[in-house]
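Working notes, structure below.
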Amino acid sequence: MLLSITNAGPNPTDIGFLLHKNPANLHSAELAFGHAHVFYSTPHENSCTAHLLLDINSVELVRGAQQLDDYVNDRPYVASSYFAVAIGRVFGTALAGNCQRRPDLIAAPLKLTIVIEVIRARGGADLLQRLFAPLGYTVDAAPIPLDPVFPEWGDSRYFRVTLAATATVHDALSHLYVLLPVLDDEKHYYIADDEVEKLLRHGEGWLASHPERQLIVKRYLKRRPSLVEIATARLLEECPQPLDAEEPPAAATEKELERPLTLHTQRLSMVATRMRELNVKSVIDLGCGEGRLLRRLLADRSFDRILGMDVSHRALEIAARKLKLDRMPQRQRARLELFQGSLLYRDTRLNGADAAALVEVIEHLDPPRLSAAERVVFKFARPRYVLVTTPNREYNVLFPTLPPGNMRHGDHRFEWTRAEFQSWAQATAQRYGYTVTTEPVGPLDETHGAPSQLAVFALDNQVAA
Amino acid sequence: MRVIEIPELALVALVGASGSGKSTFAKQHFRPTEILSSDSFRGLVADDEGDQTATADAFDALYYLLEKRLARGLLTVIDATNVQPEDRARIVATARKFHCLPVAMVVNTPAELCIERNKLRPERQFGAHVVHRQITALRRGLRGLEREGFRNVQFIDPVEEFEIRRVPLWNNRKQETGPFDIIGDLHGCADELRLLLTRLGWNAAPLDGQSALWGQETWHHPEGRKAIFVGDLVDRGPNTLDCLRIVHNMIATGTALCVPGNHDVKLMRWLRGAKVQIKHGLEQSIAEIEPLDKAQRAELACFLASLVSHYVLDGGALVVSHAGLREEMHGRGSGAVREFCLYGETTGETDEFGLPVRFNWAAEYRGRACVVYGHTPVPAPQWLNNTVNIDTGAVFGGSLTALRYPERDFVSVPAAREYAIPARPLRPQALDSRSSQQQLDDVLDLADVTGKRFIETRLHHSVTIREENSIAALEVMSRFATDPHWLIYLPPTMSPSETAKQPDYLEYPTEAFQYFRANGVETVVCEEKHMGSRAIVIVARDEAAAGLRFGVADGRGGVCYTRTGRPFFADPREEAAFVDRVRSALTAAKFWEEFNSSWFCLDCELMPWSAKARELIERQYAAVGAAGSAALMASFAAIRNSPAAAGLLPARERHLETMQKYRAAYRRYCWPVNSLGDYRLAPFHLLASEGLVHTNRTNLWHMQTLHRLAATDPGFLIATPFHEVNVNDESQVAAATSWWERLTDGGGEGMVVKPMNWIESGPKGLVQPALKCRGREYLRIIYGPSYTEELSTLRKRAVNAKRSLAAREFALGVESLERFVAGQPLRRVHECVFGVLALESEPIDPRL
């Protein structure tokens, strides 16, 4: 809520002309979400500090405009998109690069120090550095502790940031206008198409060559892919020789063919391959998520009935959208069915498929409830084949970014070693009359095995159902 | 006037040519909703009743509705020509599918008259030849109607005056409400029957008359109870004839009912000369019957033939049949129903003893009616989904069992000896110590929780759960909740008191007291509201007791879960240690003995708040405090250094002060938890123990009882401070108000005001079981650090939606406990718990 700009150049009060605000007065403006005030500290001989103070009424934002959903909110206190809007309003002239009374000052770099009192930097001090250093600032980011009474809670996500550079006021304001919302990464307004224009206008002269251009564009446009593509394409026109020559144009990023296959892709293709080899006609993907396995199975005409079940209704909506269910040709559409269900409840809709897949699902179940899932699948649904994959915990040490002892996903309730998985698979197979084989998935390490593991259960025909 | 009798549940096919007067006749004698007319369906699907191209679609729609009606047990009339045998065949097949009786009503009007009438109808200009053809087809088919399956054929002359009388089915004894003694398979065990009747309080009362066949023996109950025999009176045992005599005479004197068993029917067929295999004990019956003469044998057969397949009694709440009965067959009449009643449902396979493998219809049974049956001997009767098999194999040396209804207790007498050797040994089936119901409940059915649901509760009639809410609940329940076997209760949400009229306050005790006063509640209990996390704690005396009562095999002796059913402790050892500590307190307070229970369910608050909400505190509460303090302090300093901005200073000072108060507010509820000893548990409801849901106790009792518990472990358990207040006594109200002020000024969250009675009804139905009244400082955590500056805006709060939600959740919560304590199937308990979770996903202002 507070930003200070200090000019320590030869004529410190010049900044008053540039900001279009007389240092002797308090300047207040009413905004849709509160008030903005500009005032100056008592001037020193060799420096002059202008402050931009923003008063946001969060009660109004919750009850009136409904932009916020919680009264207990950091928005009034941090530099965010609200702040960028305020800069646009009160420093609009300077931001546009105008100065009627002293046009001679416009292009003159000043010795500026900018203090952003509180910013929630998503990406931390490192990102602050990466965003501002290439623009010529020296960056000092001091983390703010969560609560001095509870030192064990450590630092908050907020920083007090000091930026120092010799720059024109116009440039500095443009940088702040674009980068504050990018750091905060939570825009309060709907991102319309004209947001591209705004970005290009305020990014003119520096954004195209900024090494973090991709990140800035993506976050500024709130990850709306189409806008990101438009903006990136236009930036590239502006700067025909991109500094980062290896960065492929955004339109091509979907083509992942050349890249090494991700682990999940390998897992899915392995499951799909095994399904094909088993010569089954109908398949149920238990825990289908956003439908990546379903897409592979759909591509193979030998599967004439494909069911996707997930406990998350939202995931199913995404799956329906990604699979373009509403535009799918009737023949193909008839092969596929999506429904919400749960592995912990017996459900006749799970019956009748030749094979069931549980790809990276069981580790999301609390161990005491695993037995219920086993019964639902192996005892009641009882498909001829069941394919189960789960991470191999032994491999975790080979992930450089994974702290020791941590699991790969916040929602994993357990991760098994190869031996644990095999003994579970054997016991389960025996209990429900299946035979089972297990195999590694992904690149094999001599000591730690593969990152993931697959068990293929086959109904033992000798045992009556 | 002629009277035509038809069964109350019939599928009536009108048969007659176009223009014969069928529709007019139907309108005179049946309700408009009972008549499905092909003409009007043609109109519905094609906007033209005469459009013959729409016939197929019209009948599709007609049959769709017909099936819905028959499934609901409603008499239906099909108003179509039905002159072709294939049309009628579809009607008969549909009637059979729903086990109701097809009736044909033939309207045989002369062709000339039909043609005359059709001429007057613009939509029926299809020429005379059509009518002639229809009448020819009709006449050709008349003789075959009975063979087609119409046992009841009526010829109607539309000009004649007559009355249609609807006759109840023989199995309909809904008006008989008991009490009943329902008695299992006799198989000739007359001595055991006499013993059992005596034990049940029946007296032998010899008949006056003398009948060589039936003798004089009959029984009578001084309290007017009625016996119902589940059939299989005969075969295998020593005294088949005596059994038949007793049952016959009791029926004749109106003290008993009896449904037939498969053995009874087989004996009847033998008596009537059918070729039946003389085995499975029929030989014993035959030996006894040998001396009887032909007339007596005929009379015996006649008696057996008179037995009705099953009975629906007590307003539909009780069904008795020999081999059980699916819900859709209750009160219906068809060959399939009779077959099921006699033989049950088999899979077509045989087991290792050569006996047919039975399909366990009871496992799928979801009906309201309690079904009592026999047929297959079991070691002991066990309830399963509101059905019970009371054949305890008397003839095989087991026992003869009666179910007392509506008391629902079992009375058994052991067999004097083993009269026959069972093909399959009569012994406890499995080593599983859990009941049949618990074994069946091992895994719940999705169909019992999803979709739009209506849950019947004792307190609040039917509670509706909308489909989108159950969708949300399914995910939460599956991903995060503790094992449903333990999840017998979820607490309801709680409404605050109305917004205070007192300046400077958003909530104040006056409004809470006023609410109860207005609802006719005189005495309330004010309890200090603890600021932690709501915790439901279930503790069994030991793991074995937990296994028995909760049907679990997870080795746990208790659980602690949050208000959304999540396990409180991620680490099972920690949970076990926590449960153990509560268990020790229960032991020290001698609660196990006092309540004669092996388990308790406690409603509690678990402190500190930071133990469970740490992530939330760090992400939101402490974060806002850190950002806010830093920003406010910096701007305060900047303004102080700027003469021009001096006007901004006062507001900054106020905000800085409220920010400090805000930080102080949440800090009170945080302290580090390094071991079990750092937790504090404040139990405030002793919800349930074996056989009892303690909702009939007052809130005062709950407080006092739990104070006794807390006294045994004061370092861990908190005895919640409380005050009993008469809301009509100004001095008591004033005292409680100042107590609340002291409490909240000192940083307390506030208080909860509850009616003296746990469950209280007022003029507008269920009174809120509790209202919270939160302190001024505490509310900073809810409404923001400087909410006190914005009170005029915040005063607009609508508490009604929250209260309606609280009432529904409360009703469901009590219902789930009552169902659990009554030993109902887990799905019935889970349905309510799932319902509470689903309701919690309704959009309600989270700050209330």
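A short reminder: the numbers here are calculations on the coordinates, not readings from a lab. Predicted model, so just to flag it, every value in this text is computed and none were measured. Neighbour counts run over all protein chains shown; Cβ positions are idealised from the backbone, glycine included.
Key figures for this structure:
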{"quantity": "Pairwise label distance in nanometres, A:ARG301 with B:ARG272, each label 7 Å out on the Cα-Cβ vector", "calculated": "6.1 nm"}
{"quantity": "At R0 = 41 Å, FRET efficiency that the Cβ-Cβ distance of B:LYS501 and B:GLU468 yields, to 0.05", "calculated": "0.65"}
{"quantity": "Gyration tensor (Cα) of the protein assembly as shown, equivalent ellipsoid semi-axes in angstrom", "calculated": "72, 40, 34"}
{"quantity": "Largest to smallest principal axis extent of the C-alpha atoms in the range A:263-459, angstrom", "calculated": "49, 37, 30"}
{"quantity": "Folded to 0 to 90 degrees: helix B:467-480 orientation relative to chain B principal axis, Cα", "calculated": "70 degrees"}
{"quantity": "In order through the range A:376-382: 3J(HN,Hα) via Karplus (6.51 cos²θ - 1.76 cosθ + 1.60), integer Hz, x for Gly, Pro", "calculated": "4, 7, 7, 8, 9, 6, 6"}
{"quantity": "Residue-wise HN-Hα coupling along the range B:642-658, computed from phi with Karplus coefficients 6.51, -1.76, 1.60 (Hz; x: Gly, Pro)", "calculated": "9, x, 5, 9, 3, x, 7, 5, x, 4, 5, 4, 4, 5, 5, 5, 5"}
{"quantity": "Separation of the A:ARG335 and B:GLN439 label points, Cα + 7 Å toward Cβ, nm", "calculated": "4.4 nm"}
{"quantity": "Dipole of the protein assembly as shown, positive direction: furthest Cα of A:LEU2, B:MET659, B:ALA362, with charges on the beta-carbon", "calculated": "B:ALA362"}
{"quantity": "Burial ordering of B:VAL15, A:VAL228, fewest other beta-carbon atoms within 10 Å first", "calculated": "A:VAL228, B:VAL15"}
{"quantity": "Cα centroid separation, the range B:510-535 to the range B:597-631 (Å)", "calculated": "23 Å"}
{"quantity": "Helix axis angle, B:85-97 relative to chain B longest principal axis, alpha carbon, degrees", "calculated": "50 degrees"}
{"quantity": "Over the range B:172-429: Rg over Rh, Cα atoms, Kirkwood Rh", "calculated": "0.93"}
{"quantity": "Debye log10 I(q)/I(0) at q = 0.07 Å⁻¹ for chain B, Cα point scatterers", "calculated": "-0.77"}
{"quantity": "Sequence-distant residues sharing a close amide H with B:GLU690 (under 5 Å, placed H)", "calculated": "B:SER598, B:TRP599"}
{"quantity": "In order through the range B:730-741: 3J(HN,Hα) via Karplus (6.51 cos²θ - 1.76 cosθ + 1.60), integer Hz, x for Gly, Pro", "calculated": "4, 5, 5, 4, 5, 5, 5, 5, 6, 4, 4, 5"}
{"quantity": "Chain A: antiparallel DSSP beta bridges as a percent of all, rounded to 5", "calculated": "75 percent"}
{"quantity": "Nonlocal amide H pairs with A:LYS21, under 5 Å, H built at 1.01 Å", "calculated": "none"}
{"quantity": "Trypsin sites (Lys or Arg not before Pro) restricted to the range B:1-106 and DSSP loop, no more than 15 other C-beta within 10 Å", "calculated": "B:ARG72"}
{"quantity": "DSSP beta bridge pairing in the protein assembly as shown, given as percent antiparallel to the nearest 5", "calculated": "65 percent"}
{"quantity": "Spin-label model distance (nm) - B:ASP48 vs B:ALA380, 7 Å beyond Cα toward Cβ", "calculated": "7.3 nm"}
{"quantity": "Cα-based Rg / Dmax (Å) for the range B:610-667", "calculated": "13.9, 48"}
{"quantity": "Tally of Lys pairs whose C-alpha atoms are under 25 Å apart, taken over chain A, 8 or more apart or cross-chain", "calculated": "18"}
{"quantity": "Against the rule of thumb 2.2 N^0.38 Å, how large the Cα Rg of the range B:280-420 comes out", "calculated": "1.16"}
{"quantity": "Rg over Rh [alpha-carbon atoms, Kirkwood Rh] for the range B:2-167", "calculated": "0.94"}
{"quantity": "Trypsin sites (Lys or Arg not before Pro) lying in DSSP loop within the range B:145-197, provided at most 11 other Cβ fall within 10 Å", "calculated": "B:ARG151"}
{"quantity": "Cα long-axis angle, helix B:699-710 against chain B (0 to 90 degrees, to the nearest 10)", "calculated": "70 degrees"}
{"quantity": "Nearest-20 debye value, chain B charge dipole, Cβ charges on Lys, Arg, Asp, Glu", "calculated": "1120 debye"}
{"quantity": "Restricting the range B:99-172 to GluC sites (Glu not before Pro) in coil, as DSSP defines it, with at most 13 other Cβ within 10 Å", "calculated": "B:GLU160, B:GLU161"}
{"quantity": "Backbone N under 13 Å from the A:ARG349 label point (7 Å along Cα→Cβ), restricted to the range A:273-297", "calculated": "A:285-288"}
{"quantity": "Hits among lysines - C-alpha to C-alpha of B:LYS27 under 29 Å, sequence gap 8 or more where chains match", "calculated": "B:LYS68, B:LYS97, B:LYS119"}
{"quantity": "Helix-only mean residue ellipticity at 222 nm for chain A, each DSSP H run of n ≥ 4 adding -39500 (n - 2.57), per residue, nearest 500", "calculated": "-9000 deg cm²/dmol"}
{"quantity": "Residues whose placed amide H lies under 5 Å from that of B:ARG534, excluding near-sequence neighbours", "calculated": "B:ARG563, B:LEU606"}
{"quantity": "Chain A: DSSP helices with Cα axial extent of at least 24 Å and average Kyte-Doolittle hydropathy no lower than 0.5", "calculated": "none"}
{"quantity": "Cβ-placed point charges (K, R +1; D, E -1), dipole of the range A:2-189 about Cα centre in debye, nearest 20", "calculated": "540 debye"}
